[in-house]
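Participant: A single structure is presented below for examination.
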Amino acid sequence: MSDSGGVWGAPARRAPAAYAAAGRRAVRVTLAAAAGFYLFRYGLGQPVAATYALFAAVAVGGLSRIPGTGRQRAATVVRALPVCWLLVVVGTYLSVRTWCAVAGMLLIGFALAFAAVGGPRPAGAAPGLQLLYILPSFPPYDPGSLSERLIGTTAGLLLFVAVEALVLPEPAPPSYRARAADAALTAARTAHVLTTPPYALTADGLRAAQRAGQELRLLTVPEAERPAGPSARDRALTHTGLATRTLLGRLALLPPAPRTPPPPQVTAVLAAVADLARATAACLRGGPSPVTPYARLSTVRARLSALSAGLPVPAGAAPASPAYSPAMLRRHAAVLEIADAALALGTAADLATHGRHRSITAAPGRFWYASLRSPALWWHRIQGHAGQRSVFFQNAVRLALALTAARLVAGLDTLPHGFWAMLATLTLTRTTVDETWSTVRTALTGTFVGALVTAAVLILLGTDTGWYAAVLPLWMLFAFTVGPVRGVGWAQGLFTVLVALVFAQLSPPTWHLAEVRMLDVLIGSAIGTVFGLLAWPRGAHDELRRTAAELLRRAAETAVATAAAVADTRPAEEATAAAGPTGSAPPAVPGHHSLQHAVILAESAYAQYQSEPTPFGGAARGAAPRQVDWQATLIAGHHALWGSARLLEPPQPRLGPVASASVAALGERVAGRMLLASAALDPGDDTPTAVLRPLDPALAELAVEPPDAPRLYYATESWLGSLLTDLTHIARAHDRPAEPGTPDPPGASRPPHV
C-alpha cells in the first residue's frame, strides 16, 4: 500500500514547488478522467463505460503512486493493461455471490499488495489496481455490461497514458547507471592520486570521494531510478553501487605507507584499479566491457597476493623482498581489498549493462543471480519474503484482511455504494495503528465537512445535470491539486464532493448521497483501524529491531565460522582437498545463506521504517530504537557477508599455530560482541531489557605479530577489526537519536545498505 504521494496520501511539503508538482499531476488526471467520462456519458450515451473510464484514470493517476516522469508512468500503465483487464473481468464474474466476491478480495487483495516485493513501480501501482478490482466486484451483477466496462477501462487508461506522455512533460533525473558511472570516475581519480607523491589524499579528495558515495545511497535517488527489482540487471546495478561505495571507502581509508615511496607492486595495483574504474565508467555509459583492464588488475593483484602471502612469485614479476614488516603486510591487505572491490565493480557493471552478453565471467558465489532466468529470480524474491518476518508480507496480509472484511460487511448489509467503504479501507489503512488512527480522525473530519458541502450543493443545484457537468472538471482540478498537498483531511473532503458531482450525472441526486458517503467512510475507516490494531500494529519499528538483531546473530555466526575456517588446523593434505581445486567456488561457510536472507528482511523493514512516524512517542521496549543507527547495522551485515566470501577464496596459505590461535580468538571475540549488540536490540522473554551502548573496538588484548604470517592473516585481522568498528557506529549517544535518512557514519563506506 502507498502511504504517501497519492490523492489520499500523506501531505507533501506545503511550498510553491509542492503545489506546482501537484498541479501538473492534477491537470493530467483531470484531462484523462474528464475526457473519458464526457465522451461516454454524453457523447455515446454509455454511463457504465463513462464510470469505468473516469475511475480507471483516477485509479492509476490519483490513487496510485507510480514513481518517475510522465513517460515512465505511462510505460508502467501500458505494461499493466492486461492485469487491469483481468481484474475487471474477474471482479465482474465474482460479484454474483457475496462469498465469491469476498474470497476473490482476499486472494487478489493479498497478491496485489504483495507485488510490492517487485520494486517501487509495482508497489506504487498496487493501490490503483486494487480499485480496478473493487469497482466491478459489487452488484449489479451484470455480465452483459462486461464489454462496456472493459471499453471504459481501456479508454480511461489509454487517455491517461497519452496525457502523461504528452502533457506538461517533466525533465528526467540522472539514472542510477549515470550516477554509478560518475562515482566510478571519482574512484579512478582517487586511485590515481594514491599512485603519485605524496601517496595520500587531500582533504578535497576525501570530500569528493564521500560525496560520490553519498550520491549512490538509495535515499538520495528518485524512486523510479532505484534498482530495486528482482531482475538480474537490477540486482547487478545494485551490486554496482555497492561495490563503488565500497571501493571509494577503501581508497579513502587506505593506511599510510610505512615508507615512501611505496613498493612498486602496491603502486601497480592502484594504477590498475584506476584504469579499471575508468573503463567501468565508460561501460556504464554504454561502452564495451572492461575486459582488458579487468585482466590486468587480476594479474597484478595475484602478484601482490603471492608476494605478501610468501608464495612463489610468478615469472616476470619483481623479486620478493626477504622480509616484510607487519605494517607493510597490513597495507598489502588493504590494497588487495581495494582490488577486490574494483574487480567486483567491473563484473557487476558489465552484467548490469550487457546482461547475458557480458564478457567478464561472474563468480558463482557473489554473483549467484547472473545465470538465472527472470522467473527463477522472481521466485527467489517471493520466497525470501513469504513469511511473517517480512514487512511486505505483513502489509499484504493486513490490507487483504481489511478489504475482505469491508467487502463482507458491504455484501451482508447491502450497503449502498459499498465500494466507497472499501475505498476508505484501502486509502486510510496504514502500517502502524497510531498512524491509522491519526489518519482516520483527520479523514472523518474532512469527510464530514465534505458531506455538508455536498448536501448544500445537491440541494442548491437540484437535478440539473448541466451544472454538475460544468463544475466537475474544475472541482477535480482543485481537489487533485490541493488534496495531496494539504493532507488526508482535505483530500477526503474534496473527494466527497467530487464523487457526488460524478454520481449526480449518473442517477437523480438527493442530499442522502452525502449521508451515504459519510456512513461508508465511517465503516471503512473503522475496519481499517481494527485490522491496523490486530495485525502488526507497530509496523516496521518492532520488525526492524527484530530483523536487525537476527542479522547481527547471523553475522556473528559467519564471523566465528570464517575465522575458524581461516585458522584451519587440519593436516595440509586434508585442508587442500576440502578447499577444492584452484579457481573453484569458495568452501561453504555455515550462516552465509541465512545471513543473506537476514540482510534482505532487515533492508525491507528499514525501507518501510523510513516512511513511518515514531510509534507511541518513540518508546519501543526500552529506548533502544532511539539509540540505534539502523543503517550501520545493515552495513555490518553486508560487510560480514562479502568479507567472508573474499577471505575463503582458494588457494589459501596455511597459518602457523600462533597466527591460527590469534585469528580463532579474534573471531570468537567479535562474534561475542555482535551477540551482545543483538541482545540489546531484541532481548528475549527471559533476558532483561538492555541499553545499547557503544562498544570498544580496541583489539590490544589480541594484537600479536606472528612470525612469518601470510597475507591471509592480516586480511582476516583487518576484516574482523572493521566489523568491530561497524559495531561502534550502531550504538549512538543518548543525545543523538538516529533519524531516518541519517547519513553514513564516518568510515561507513564499507558495503552499505542498498
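Participant: State which residue is farthest from residue 428 (Cα to Cα) when the search covers only segment 473-510 and only residues that are of a type in the set (Val, Ile, Thr) and in a helix (DSSP H, G or I).
Facilitator: Filtering segment 473-510 down to residues of a type in the set (Val, Ile, Thr) leaves 481-482, 485, 488, 496-497, 499, 502, 510.
Now narrow it down to the ones that are in a helix (DSSP H, G or I): 481-482, 485, 488, 496-497, 499, 502.
Details: 481: 19, 482: 18, 485: 16, 488: 9, 496: 14, 497: 18, 499: 17, 502: 22 Å.
Step by step, filter segment 473-510, then rank; the result is 502.
Participant: Follow-up. Looking at 126, 155 in this structure, which one is of a type in the set (A, V, I, L, M, F, W, C) and under 30 Å from residue 232 (Cα atoms)? Walk me through how you get there before you give the answer.
Facilitator: On the way: 155 fails: under 30 Å from residue 232 (Cα atoms).
Result of the check over 126, 155: 126.
Participant: Also, I was wondering about something else. Checking the condition part of a helix (DSSP H, G or I) and in contact (Cβ under 8 Å) with a residue 24 or more places away in the chain, which residue from 456, 470, 443 passes?
Facilitator: On the way: 456 fails: in contact (Cβ under 8 Å) with a residue 24 or more places away in the chain; 470 fails: in contact (Cβ under 8 Å) with a residue 24 or more places away in the chain.
None of the others qualify; the one that does is 443.
Participant: Okay, moving on. Tell me yes or no: at least one residue of segment 247-269 is farther than 19 Å from residue 636 by Cβ, in a helix (DSSP H, G or I) and of a type in the set (Lys, Arg). Full working, then the answer.
Facilitator: Of the residues in segment 247-269, the ones farther than 19 Å from residue 636 by Cβ are 251, 254-269.
Next cut, in a helix (DSSP H, G or I) only: 251, 264-269.
Filter again for of a type in the set (Lys, Arg), leaving none.
So far as segment 247-269 goes, no, none of its residues is farther than 19 Å from residue 636 by Cβ, in a helix (DSSP H, G or I) and of a type in the set (Lys, Arg).
Participant: Those residues that are at pLDDT 90 or above and surrounded by fewer than 21 Cβ atoms within 10 Å (Cβ to Cβ), I need them from segment 258-285; list them, please.
Facilitator: In the first step, residues of segment 258-285 are kept if they are at pLDDT 90 or above; the result is 268-285.
Matches in segment 258-285: 271, 275, 278, 282, 285.
Yes or no, residue by residue, for (1) under 30 Å from residue 120 (Cα atoms); (2) at pLDDT 75 or above; (3) out of contact with any Asp or Glu (no Cβ under 7 Å at 6 or more places or on another chain):
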residue: 641; (1), (2), (3): yes, yes, yes
residue: 656; (1), (2), (3): no, yes, no
residue: 662; (1), (2), (3): no, yes, yes
residue: 670; (1), (2), (3): no, yes, yes
residue: 698; (1), (2), (3): no, no, yes
residue: 703; (1), (2), (3): no, no, yes
residue: 731; (1), (2), (3): no, no, yes
residue: 744; (1), (2), (3): yes, no, yes
residue: 752; (1), (2), (3): yes, no, no
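Participant: Moving on. When you look at residue 24, is it outside any helix (DSSP H, G or I), open to solvent by 10 Å² or more (accessible area, probe 1.4 Å) and farther than 13 Å from residue 155 by Cα, yes or no?
Facilitator: Values: outside any helix (DSSP H, G or I): no; open to solvent by 10 Å² or more (accessible area, probe 1.4 Å): yes; farther than 13 Å from residue 155 by Cα: yes.
Spelling it out, it is not the case that residue 24 is outside any helix (DSSP H, G or I), open to solvent by 10 Å² or more (accessible area, probe 1.4 Å) and farther than 13 Å from residue 155 by Cα.
Participant: Being modelled with pLDDT under 90, among the hydrophobic types (A, V, I, L, M, F, W, C), under 30 Å from residue 82 (Cβ atoms) and crowded, with 19+ Cβ neighbours inside 10 Å is the requirement here; does residue 221 meet it? Spell out how you get there, then give the answer.
Facilitator: Values: modelled with pLDDT under 90: yes; among the hydrophobic types (A, V, I, L, M, F, W, C): yes; under 30 Å from residue 82 (Cβ atoms): yes; crowded, with 19+ Cβ neighbours inside 10 Å: yes.
For residue 221, the condition - modelled with pLDDT under 90, among the hydrophobic types (A, V, I, L, M, F, W, C), under 30 Å from residue 82 (Cβ atoms) and crowded, with 19+ Cβ neighbours inside 10 Å - is met.
Participant: Of all residues being open to solvent by 50 Å² or more (accessible area, probe 1.4 Å) and at pLDDT below 80 in segment 382-397, which is nearest to the chain's Cα centre (by Cα)? Just the residue, please.
Facilitator: This residue is 389.
Participant: Something else about it: Would you check if there is a residue in segment 180-187 being open to solvent by less than 10 Å² (accessible area, probe 1.4 Å), in contact with an Asp or Glu (Cβ under 8 Å, 6 or more places away or on another chain), assigned to a helix (DSSP H, G or I) and not hydroxyl-bearing (Ser, Thr, Tyr)?
Facilitator: Of segment 180-187, the ones open to solvent by less than 10 Å² (accessible area, probe 1.4 Å) are 180-181, 183-184, 187.
Still in the list and also in contact with an Asp or Glu (Cβ under 8 Å, 6 or more places away or on another chain): 183.
Filter again for assigned to a helix (DSSP H, G or I), leaving 183.
Then keep just the ones that are not hydroxyl-bearing (Ser, Thr, Tyr); that gives 183.
So far as segment 180-187 goes, yes, one or more of its residues are open to solvent by less than 10 Å² (accessible area, probe 1.4 Å), in contact with an Asp or Glu (Cβ under 8 Å, 6 or more places away or on another chain), assigned to a helix (DSSP H, G or I) and not hydroxyl-bearing (Ser, Thr, Tyr).
Participant: Something else now. State yes or no: is residue 249 under 13 Å from the mean Cα position of the chain (by Cα) and among the small types (Gly, Ala, Ser)? Steps first, answer last, please.
Facilitator: Numbers: under 13 Å from the mean Cα position of the chain (by Cα): no; among the small types (Gly, Ala, Ser): yes.
So residue 249 does not fit the description; no.
Participant: I'm trying to understand the selection: among the residues of segment 44-64, which are surrounded by fewer than 23 Cβ atoms within 10 Å (Cβ to Cβ) and either at pLDDT below 90 or in a loop (DSSP other than H, G, I, E, B) (or both)? Spell out how you get there, then give the answer.
Facilitator: Let us first name the residues in segment 44-64 that are surrounded by fewer than 23 Cβ atoms within 10 Å (Cβ to Cβ), namely 44-48.
Of everything in segment 44-64, those that are surrounded by fewer than 23 Cβ atoms within 10 Å (Cβ to Cβ) and either at pLDDT below 90 or in a loop (DSSP other than H, G, I, E, B) (or both) turn out to be 44, 45, 46.
Participant: Within the bounds of segment 568-580, is there any residue that is under 33 Å from the mean Cα position of the chain (by Cα), open to solvent by 30 Å² or more (accessible area, probe 1.4 Å) and modelled with pLDDT under 80?
Facilitator: Here is the first cut: in segment 568-580, the residues under 33 Å from the mean Cα position of the chain (by Cα) are none.
No: zero hits.
Participant: Among the numbered criteria (1) open to solvent by less than 40 Å² (accessible area, probe 1.4 Å); (2) at pLDDT 80 or above; (3) of a type outside the set (Val, Ile, Thr), which single criterion is violated by residue 532?
Facilitator: (2)
Participant: Let me ask another. Modelled with pLDDT under 90 and closer than 30 Å to residue 273 by Cβ: is that true of residue 190 in this structure? Show your work before the answer.
Facilitator: Details: modelled with pLDDT under 90: no; closer than 30 Å to residue 273 by Cβ: yes.
No.
Participant: Next question. Would you say residue 226 is under 20 Å from residue 351 (Cβ atoms), among the basic types (Lys, Arg) and open to solvent by 30 Å² or more (accessible area, probe 1.4 Å)? Show your work before the answer.
Facilitator: Values: under 20 Å from residue 351 (Cβ atoms): yes; among the basic types (Lys, Arg): yes; open to solvent by 30 Å² or more (accessible area, probe 1.4 Å): yes.
The answer is yes for residue 226.
So that you can scan it fast, the table gives a plain yes or no per residue for (1) polar (S, T, N, Q); (2) surrounded by 16 or more Cβ atoms within 10 Å (Cβ to Cβ); (3) out of contact with any Gly (no Cβ under 8 Å at 6 or more places or on another chain); (4) part of a helix (DSSP H, G or I):
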| residue | (1), (2), (3), (4) |
| --- | --- |
| 122 | no, yes, yes, yes |
| 130 | yes, yes, no, yes |
| 150 | no, yes, yes, yes |
| 169 | no, no, no, no |
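Participant: Another question, if that's okay. Can you name every residue in segment 444-479 that is open to solvent by 10 Å² or more (accessible area, probe 1.4 Å), closer than 20 Å to residue 54 by Cα and at pLDDT 85 or above?
Facilitator: 467, 469, 470, 471, 473, 474, 475, 477, 478, listed by residue number.
Participant: Determine if segment 197-210 includes at least one residue that is surrounded by fewer than 21 Cβ atoms within 10 Å (Cβ to Cβ), polar (S, T, N, Q) and outside any loop (DSSP other than H, G, I, E, B).
Facilitator: yes
Participant: Now for a separate question. Condition check: assigned to a helix (DSSP H, G or I), closer than 29 Å to residue 142 by Cβ, open to solvent by less than 20 Å² (accessible area, probe 1.4 Å) and modelled with pLDDT under 90. Does residue 32 satisfy that? First the steps, then the outcome.
Facilitator: Values: assigned to a helix (DSSP H, G or I): yes; closer than 29 Å to residue 142 by Cβ: yes; open to solvent by less than 20 Å² (accessible area, probe 1.4 Å): yes; modelled with pLDDT under 90: no.
Here the answer is no, as residue 32 does not meet what is asked.
Participant: Any chance segment 392-404 includes a residue that's in contact (Cβ under 8 Å) with a residue 12 or more places away in the chain and closer than 30 Å to residue 180 by Cα? I'd like the intermediate steps shown before the answer.
Facilitator: Kept after step one, since they are in contact (Cβ under 8 Å) with a residue 12 or more places away in the chain, are these residues of segment 392-404: 392-404.
Then keep just the ones that are closer than 30 Å to residue 180 by Cα; that gives 392.
Taking every residue of segment 392-404 in turn, at least one turns out to be in contact (Cβ under 8 Å) with a residue 12 or more places away in the chain and closer than 30 Å to residue 180 by Cα.
Participant: Identify, from the list 507, 604, the residue that is polar (S, T, N, Q), open to solvent by 30 Å² or more (accessible area, probe 1.4 Å) and modelled with pLDDT under 80. Outline the logic, then answer.
Facilitator: Details: 604 fails: open to solvent by 30 Å² or more (accessible area, probe 1.4 Å).
The match here is 507.
Participant: Is it the case that residue 298 is surrounded by fewer than 18 Cβ atoms within 10 Å (Cβ to Cβ) and within 22 Å of residue 719 (Cα to Cα)? Don't jump to the end; show me each part of the working.
Facilitator: Working: surrounded by fewer than 18 Cβ atoms within 10 Å (Cβ to Cβ): yes; within 22 Å of residue 719 (Cα to Cα): yes.
So residue 298 passes the test.
Participant: Specify the residue that is least open to solvent (accessible area, probe 1.4 Å); the eligible residues are those in segment 356-381 that are in a helix (DSSP H, G or I) and modelled with pLDDT under 85.
Facilitator: Let us first name the residues in segment 356-381 that are in a helix (DSSP H, G or I), namely 356-357, 374-381.
When the remaining residues are screened for being modelled with pLDDT under 85, the result is 356-357, 380-381.
Values: 356: 119, 357: 157, 380: 59, 381: 41 Å².
Among them, the one singled out is 381.
The values are calculated or read from the model by the stated rules, or taken from the named source; none is laboratory data. Values in this document were obtained by computation on a predicted structure and should not be read as measured data. As a convention, Cβ positions derive from the backbone with ideal geometry for all residues, glycine included, and neighbour counts pool all protein chains shown. Just the protein is used for accessible areas: all its heavy atoms, side chains included, with ligands, DNA and RNA removed. Shrake-Rupley method; radii C 1.70, N 1.55, O 1.52, S 1.80 Å.
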